[in-house]
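Any read-out appearing in this document is the output of simple, stated calculations on the displayed coordinates, not a laboratory observation. Being a predicted model, the structure only gives us computed values, none of them experimental. Cβ sites come from the backbone with ideal geometry, for glycine too, and all protein chains shown count toward neighbours.
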Amino acid sequence: MYVSAWNVFQLSEELLKIVNGLGHAKPTEIQEKALPPGLEGKDLIASAPTGTGKTLSFVLPICQRLKGRSGTLSLVLAPTREIALQIQDTFNKVGPLMGLQSACLIGGVDYRYDEKALAAYPQVLIGTPGRLCDHLEKGNLWLDYLEVVVLDEADRMLDMGFATQLDMLLAATPRTRQTLLFSATFTPSVEALARKILNNPERISVGLSNATKTELADQLIWVDPDHKQNELLRVLRAETGSVLIFVRSKDGASRLWRWIHSRGFHESAALHSDMPQKFREQALEDFKLGKHRILVATDVAARGLHVDDVSLVINFDVPLEPDSYTHRVGRTGRAGKSGKAVTFATSRDLDLVRDIEKFISRSIPAVYRDGLSAENLKGRGGSGSGRPSSGFRRSGGRRPGARR
């Protein structure tokens, strides 16, 4: 018998060898808690911070359940293309070794490829709600015989407005299915969804859903808006590892990438939803492989990017939603490793910073540039449109969005 830390679970000998062959010496906390109910066929609602290994906690039960069987019997729903592709990447490390195949149905891909993949009746379908609903309405997809449905990043799917699509897809599946729901946060909308679709579920939680991880060293840098770019250069020049930079807008991501590229950081790329799918995939792959050291991205990557060794996350723009902060900085310090995060804030970001610190239940260590201080910031902030300035300057001093 193959002996390892995974033997406490009711995994087959074949799966035990596969998991250990992948270099997973021992299960993570979410895997320890989620695998037993998953393997027993129970419904589950689970909360865990990003980077804790939850994908494997549903891939393994699916593979064990479906080995040796034919037909499409499992569906995994993800909020974004990137997350769907990452799930398929994890599945492809395990499933084919057990004779199981998957298909990934996401936007930006020719429907003919989807139809060809569906015609092979893969045991596992992975996809985004919108694309799957398109196939359901076209009559290309039947979900009558599904036995397992997984909702990954359920809170994100609801935030993105996929409630109607989720209702449509789940209504097309058998009520006797096993349903596994994973969410970074237990919001009221997630709780309502869980009550509607789960049957006597087990409930587990790993860590605090609204707290950043203890191995993360994060820092606020209060700066004048006109000096954010120079401060970014200072931070980039001091960091030798991989860097993920978050901005709010797709246009801002492209412009900031072009600006840092022009300053000599040629091993960099941009990632946002307006890019063709093949370029998005290439940017992610090059970043994962280290061909690009710096990736400038919108929040489309905040939950969809699984890279083990991101050294530093930079919030060039303070996120507008507090939970986005935890998802962004969760891209570093993964799987127990240490990580660093830096957030540039201006006086107009005061209310956003306060909301973030309330959400994570602690203050973020701060440093002050350009003559700013905690005292002289107290009387500022909370002004105007509620959409703080990005601090990015065009040539000629124009702000983002300024009309020529």
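Charge dipole (Cα centre; +1 on Lys/Arg Cβ, -1 on Asp/Glu Cβ; no other charges) of the chain amounts to roughly 1020 debye.
For the chain, just run the numbers: alpha carbon Rg, then divide by 2.2 N^0.38 Å, N being how many residues it has. Before the final figure, lay out the partial values.
Values: Rg = 22.0 Å, N = 404, 2.2 N^0.38 = 21.5 Å.
Taking the Cα Rg and dividing by 2.2 N^0.38 Å, one obtains 1.02.
Put in line by how crowded their Cβ is, counting other Cβ atoms within 10 Å and starting with the fewest, T28, T187, T240, T343 read T240, T187, T28, T343. The amide H of L105, built 1.01 Å from its N in the peptide plane, has I126, G127, T128 as neighbours under 5 Å, considering only residues 5 or more places off or on other chains. The 3J(HN,Hα) values that the Karplus relation (6.51, -1.76, 1.60; θ = phi - 60°) gives for segment 362-367 are, in residue order, 6, 8, 8, x, 10, 10 Hz. Gly and Pro appear as x.
Estimated from helical segments only, the mean residue ellipticity of the chain at 222 nm is -11000 deg cm²/dmol, where each DSSP H run of four or more residues counts as -39500 (n - 2.57).
Counting lysine pairs in segment 216-377 whose alpha carbons fall under 19 angstrom apart, excluding pairs fewer than 8 residues apart on the same chain, gives 7.
Using a Förster distance of 35 angstrom, determine the FRET efficiency expected from the C-beta separation of S249 and S361, and round it to 0.05.
Working from the Cβ atoms, E equals 0.75.
Entry for segment 1-100 at q = 0.12, 0.16, 0.25 Å⁻¹: log10 I(q)/I(0) = -0.37, -0.68, -1.74, Debye formula applied to identical alpha-carbon scatterers, no solvent contribution. With contacts taken as Cα pairs under 8 Å at a separation of at least 6 residues, the chain carries a relative contact order of 17 percent. Projection of the Cα convex hull of segment 79-166, averaged over all directions and equal to a quarter of that hull's surface, yields 5.8 nm². Evaluated at q = 0.14, 0.15, 0.22, 0.27 Å⁻¹, the base-10 log of the normalised Debye intensity for segment 141-198, with identical point scatterers placed on the Cα atoms, takes the values -0.35, -0.40, -0.86, -1.22.
Taking the inverse of the mean 1/r over every pair of distinct Cα atoms in segment 193-282 gives a Kirkwood hydrodynamic radius of 17.1 Å. All alpha carbon pair distances within segment 5-205 were sorted into 10 Å bins beginning at 0; the resulting P(r) in whole percents reads 9, 39, 39, 13, 1. Assuming a ≥ b ≥ c are the square roots of the Cα gyration tensor eigenvalues, decide whether segment 224-357 counts as rounded (a/c under 1.5), prolate (otherwise, with a/b larger than b/c) or oblate. Rounded shape, in that the Cα axes give a/c under 1.5.
Once the Cβ-Cβ distance of A172 and Y111 is raised to the sixth power relative to R0 = 22 Å, the FRET efficiency obtained is 0.70. Length gained on full extension, E375 to R195: 60.1 nm, using 0.36 nm per residue less the C-alpha separation.
Entry note, segment 5-205: relative contact order of 28 percent, from Cα contacts under 8 Å with a spacing of 6+ residues.
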